Structures are given as C-alpha cells and as structure tokens.
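Here's the structure, in structure tokens; my notes come after.
The values are calculated or read from the model by the stated rules, or taken from the named source; none is laboratory data. Predicted model, so just to flag it, every value in this text is computed and none were measured. Neighbour counts are summed over all protein chains in view; Cβ atoms, including those assigned to glycine, are modelled from backbone coordinates with ideal geometry.
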C-alpha cells in the first residue's frame, strides 16, 4: 500500500511511493525480507540516511499548522 511504481534494471530498483502511506524504511524492510541485499557501502548508507531524514522533515512540515497570514496592504496602497 502506498507504492505506486517499481522498476528494476540490472542491479538497481527504483520505487515511487506516497510518503503519507509508506516510508523508505518500510520499503527497505520489505525488500530485505524477500532476500534483496541493499548496498552496504558508505555512500549507499549515507544516501539512505539522508532520505530517512528528508522524509521525517517532510512529514513534520505536513503536520505543522499553517503559518499565520499577515494582513498587510500592498506597497503603495
């Protein structure tokens, strides 16, 4: 649920997903449960960590209340 598209080419899998329904960590877990091996190099781990942090920030932003509207007249009015 939440996964919109999966493409696989050689050793690379790309997943398009809805962050409101599923996170990359959940997708990674499902992949490893079926036997996929994720890249273990430092660059791959860094990228996945960056995506996890970006997802948290995005979800926090979506949950935040809207900024107050300022009722200023347009310049020169």
Can you give me the number of residues within the stretch 19-55 that are out of contact with any helix residue (DSSP H, G or I) (no Cβ under 9 Å at 6 or more places or on another chain), within 19 Å of residue 8 (Cβ to Cβ) and assigned to a helix (DSSP H, G or I)?
9
Only residues in the stretch 31-46 that are exposed (fewer than 10 other Cβ atoms within 10 Å of the Cβ) count as the first member; pair them with residues that are modelled with pLDDT of 90 or more and assigned to a helix (DSSP H, G or I), Cβ under 9 angstrom, at least 6 apart or cross-chain, and list the lot.
37/31
Restricting the stretch 4-15 to residues that are surrounded by 10 or more Cβ atoms within 10 Å (Cβ to Cβ) and more than 17 Å from residue 44 (Cβ to Cβ), the residue that is farthest from the chain's Cα centre (by Cα)
6
Counting only residues that are surrounded by fewer than 15 Cβ atoms within 10 Å (Cβ to Cβ) and within 15 Å of residue 48 (Cβ to Cβ), the stretch 20-30 contains a total of 4
